[in-house]
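The values are calculated or read from the model by the stated rules, or taken from the named source; none is laboratory data. It should be emphasised that the depicted structure is a prediction, and the values quoted were computed from it without experimental measurement. Every residue, glycine as well, gets a Cβ built from its backbone with ideal geometry; the counts of neighbours run over all protein chains shown. Areas reflect the complete protein model, heavy atoms only, side chains present, ligands, DNA and RNA absent. Shrake-Rupley method; radii C 1.70, N 1.55, O 1.52, S 1.80 Å.
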Amino acid sequence: MNIHEYQAKELFKKYNVPTPRGHIAFTPDEAVKAAQELGGSVWVVKAQIHAGGRGLGGGVKLARSTSEVRELASQILGMQLVTHQTGPEGKLVQKVYIEEGADIKKEYYLGMLLDRASEMPIMMASTEGGMAIEDVAHDSPEKIIKVAIDPLTGFQSFHGRKLAFGLGLPVEEINTFIKFASALYRVYMDHDAEMIEINPLIKTGDGKFLALDAKMGFDNNALYRQSQVNEMRDLSEEEPTEIEAGKFGLSYIKLDGDVGCMVNGAGLAMGTMDTINYEGGKPANFLDVGGGANAETVAKGFEIILKDPNVKAIFVNIFGGIVRCDRVANGILEATKLTKVDVPVIVRLDGTNAIEAAEILNNAGISNIIAATDLADGARKAVAAAKGA
Ligand code: ADP
Ligand code: MG
């Protein structure tokens, strides 16, 4: 789960991670009021959507008067902001953050994420702030300094020094930087974050460090103990089908291919997607119906998969361990009654009661259900069906 920049900055403030002052606004009037409250003579109007690259897309603009704040807020509010992270359809801007203009002397990058290789949270810094860090990582990886932080000992000064030296900070700034990084580490750990990205972290004319941008993502499995983070959830920013799937205990993630997948178990779901790719197709989604799949969840799964207009075929790949295949077969039949399934459905059921399941499906005599003997056979048939063969 992700939150908006202004929400991440609220968390930062609580932990004394310095950020510019700012207020959220839903209308141009509120934007002007926010600017008046902040005072000063330069403000930045920033679109709040769950995507980076807003500046390049025209969603971050500088204003030098309150009337300019009004003008820019009216422009940005309601716009369909397109960035490299939103896809071509863009995202509707429903609120803007009005922030005091900062005096930028130098831009850096500072981020944290969970590193699976070292099995620890890592902090990363770079002098190449303000740029897409993915490009820096690709073109000049030596410009990104990383330190792994063992959660048992927590953040120590030497972690901060390593980053500060890597950034080439002068001696007198090192302690300020360490304080900043140490506070950031606490924000990350205390909220079960998965990712924090400050791009840019700036040094101001008077030698302070400020988080000018803030992105935060959280581990969904920890949300049950993060009520404060949960309250920041903005469902309008999330994929509606993924939210609905969650209500039924289904783990669904929308992708951009055309072969719908319904699988039990995350590992098998990943394997199924790999096999579809191997056979030359592209999965339309990840869907794990879970171990307790029944007729209702299978039916719901079909409904959710079919909401995606790109889906040209569905591959059902279920291994009956705890769930029995005959139940799943009945679920598939039930689903065809509850939802109009008008694409070919390739079914591979193996494991407990697979033979009974095959009989149920054969006897039903539904023409668009195609039986598969194993994973490879199923993937091949599904890819061919999606291509219209
Ligand atoms: P995004 O990464 O989505 O484009 P940022 O928050 O990084 O959004 O803003 C883009 C750029 O706008 C920054 O790199 C910085 O140059 C400028 N900017 C953002 N906030 C401020 C601010 N408060 N004062 C001055 N400049 C700002
Ligand atoms: Mg940024």
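Between a first residue in the range 12-39 that is within 15 Å of ligand 1 (Cβ to nearest atom) and a second residue that is among the polar types (S, T, N, Q) and open to solvent by 10 Å² or more (accessible area, probe 1.4 Å), which pairs have beta carbons less than 8 Å apart while being 6 or more apart in sequence or on different chains?
F12/T19; K13/T19; A35/T66
Go through the range 100-119 residue by residue and tally those that are open to solvent by less than 50 Å² (accessible area, probe 1.4 Å), outside any loop (DSSP other than H, G, I, E, B) and more than 23 Å from V45 (Cα to Cα).
Here the count works out to 3.
Quick one: in the range 122-143, which of the residues that are at pLDDT 95 or above and within 16 Å of ligand 2 (Cβ to nearest atom) is most open to solvent (accessible area, probe 1.4 Å)?
T127
Each row is one residue, and each column tells you yes or no for (1) assigned to a strand (DSSP E or B); (2) under 22 Å from N353 (Cβ atoms); (3) open to solvent by 10 Å² or more (accessible area, probe 1.4 Å); (4) not assigned by TED's automatic domain parsing to the domain that holds I253.
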| site | (1), (2), (3), (4) |
| --- | --- |
| T297 | no, yes, yes, no |
| F302 | no, yes, no, no |
| V316 | yes, yes, no, no |
| D326 | no, yes, yes, no |
| T336 | no, yes, yes, no |
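A quick yes/no check of all residues on (1) in contact (Cβ under 8 Å) with a residue 40 or more places away in the chain; (2) open to solvent by 40 Å² or more (accessible area, probe 1.4 Å); (3) in contact with a helix residue (DSSP H, G or I) (Cβ under 8 Å, 6 or more places away or on another chain):
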{"site": "N294", "(1), (2), (3)": "no, yes, yes"}
{"site": "N330", "(1), (2), (3)": "no, yes, yes"}
{"site": "G351", "(1), (2), (3)": "no, no, yes"}
{"site": "D374", "(1), (2), (3)": "no, yes, no"}
{"site": "D377", "(1), (2), (3)": "no, no, no"}
{"site": "A386", "(1), (2), (3)": "yes, no, no"}
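Quick check: anything in the range 113-129 touching a residue at least 24 places away in the same chain (Cβ under 8 Å), of a type in the set (A, V, I, L, M) and out of contact with any strand residue (DSSP E or B) (no Cβ under 7 Å at 6 or more places or on another chain)?
Among the residues of the range 113-129, not one is touching a residue at least 24 places away in the same chain (Cβ under 8 Å), of a type in the set (A, V, I, L, M) and out of contact with any strand residue (DSSP E or B) (no Cβ under 7 Å at 6 or more places or on another chain), which makes the answer no.
Being assigned to a strand (DSSP E or B), at pLDDT 95 or above and not charged (D, E, K, R) is the requirement here; does I276 meet it?
no
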